[in-house]
Each structure stands twice: as C-alpha cells, then as structure tokens.
Amino acid sequence: MAFVVTENCIKCKYTDCVDVCPVDCFHEGPNFLVIDPDECIDCTLCEPECPAHAIYSEDEVPAGMEEFIQLNAELSKSWPTISEVKSALPDADEWKDQPGKRQYLER
Ligand code: SF4
Ligand code: F3S
C-alpha cells in the first residue's frame with residue numbers, strides 16, 4: 001500500500017506535501033508530482049497537507065482516478081526527487097479543483 005497523487009495536483013503543484021515526507025518519496029515532473037510506491041511508508045502525513053486534496057491512500061483513490069496508481073509507480077522511476085517546498089505553478093489557484101485536468105499532464 002502507498003499514497004497516490006491524483007489529478008488535482010496537475011497544473012497546481014503546491015509542494016506542501018514534500019515538506020512533511022520523512023522518506024523523500026515525492027518525484028517532480030513539469031506540472032505534477034508523484035509518489036514512489038516502493039519508498040512510501042504509509043505515514044499519512046502528506047494527505048492533509050495538500051491544498052488541492054490530491055493525495056489519497058491507494059485503497060481510497062476516488063472512482064475514475066485509478067489510473068493514477070499506475071502513473072505514480074511509472075513516473076516516479078524517471079522523474080527526479082523533490083524534497084523541498086517551492087513556489088506553486090503561477091496559475092495554481094485558478095486551476096485548483098478544475099475537472100478534466102488529466103489531459104494536461106506533462107511528462
Ligand atoms: Fe511520504 Fe508518508 Fe506521504 Fe508516503 S504517506 S508519500 S511516506 S508523507
Ligand atoms: Fe501536488 Fe498537492 Fe503536493 S497539489 S505538489 S500533491 S501539495
């Protein structure tokens with residue numbers, strides 16, 4: 001079991017989550033973060049930190065977001081680790097909670 005970053009992180013990338021992760025298992029892409037399921041220790045600390053409520057336990061990923069379980073596993077192997085907070089993307093507040101952001105995921 002691991003925690004999973006889902007669609008609402010796309011185009012936001014607030015990065016509050018990385019500040020609390022004790023094992024630095026977040027990895028950064030152009031406009032999205034993922035969690036390496038092989039490194040996540042299920043501590044639950046990141047979930048409440050995300051202003052976009054994008055993080056879920058693998059067994060609580062909302063219906064329709066199941067694809068993100070595989071995306072986190074896959075992309076975390078090629079994207080670099082991020083362990084320090086940085087500025088959110090410029091239009092993060094406008095994009096937060098917008099539906100249908102999956103199409104904008106950049107690799
Ligand atoms: Fe890191 Fe804990 Fe979140 Fe897993 S649950 S990504 S170990 S903060
Ligand atoms: Fe993304 Fe939320 Fe972290 S928007 S970068 S999962 S704080």
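Side notes on the structure shown:
- Based on C-alpha pairs under 8 angstrom that are at least 6 apart in sequence, the chain has a relative contact order of 45 percent.
- Rounded accessible area per residue of the chain, 1.4 Å, Å²: 52 Å²
- For region 93-107, 3J(HN,Hα) computed residue by residue from phi via the Karplus equation (6.51, -1.76, 1.60; θ = phi - 60°) reads 5, 6, 7, 4, 6, 6, x, x, 7, 3, 5, 9, 4, 9, 9 Hz, glycine and proline entered as x.
- Seen through its C-alpha gyration tensor, with square-root eigenvalues sorted a ≥ b ≥ c, the chain comes out rounded because a/c lies under 1.5.
- Rounded percent of accessible protein surface that carbon and sulfur make up, region 3-82, 1.4 Å probe: 50 percent
- For the chain, a simple Cβ point-charge model (Lys and Arg +1, Asp and Glu -1, everything else neutral) yields a dipole of about 420 debye relative to the Cα centre.
- Note on region 3-82: dipole from Cβ charges, positive end direction compared against Cys9, Pro30, Ile55; the farthest Cα belongs to Pro30.
- Derived scalar couplings ³J(HN,Hα) [region 39-55; Karplus, 6.51 cos²θ - 1.76 cosθ + 1.60; whole Hz; x for Gly, Pro]: 9, 4, 9, 6, 6, 6, 5, 6, 3, x, 7, 6, x, 9, 6, 8, 9
- Restricting region 24-71 to GluC sites (Glu not before Pro) that sit in a DSSP loop and have at most 15 other Cβ atoms within 10 Å of their own Cβ leaves Glu39, Glu66.
- Estimated from helical segments only, the mean residue ellipticity of the chain at 222 nm is -4000 deg cm²/dmol, where each DSSP H run of four or more residues counts as -39500 (n - 2.57).
The values are calculated or read from the model by the stated rules, or taken from the named source; none is laboratory data. From a predicted model like this one, the values you see are computed outputs, not experimental measurements. Glycine gets a Cβ as well: all are built from the backbone with ideal geometry, and neighbour counts include every protein chain shown. When the accessible area is computed, the model is the full protein with side chains, heavy atoms only, and any ligands, DNA or RNA have been set aside. Shrake-Rupley method; radii C 1.70, N 1.55, O 1.52, S 1.80 Å.
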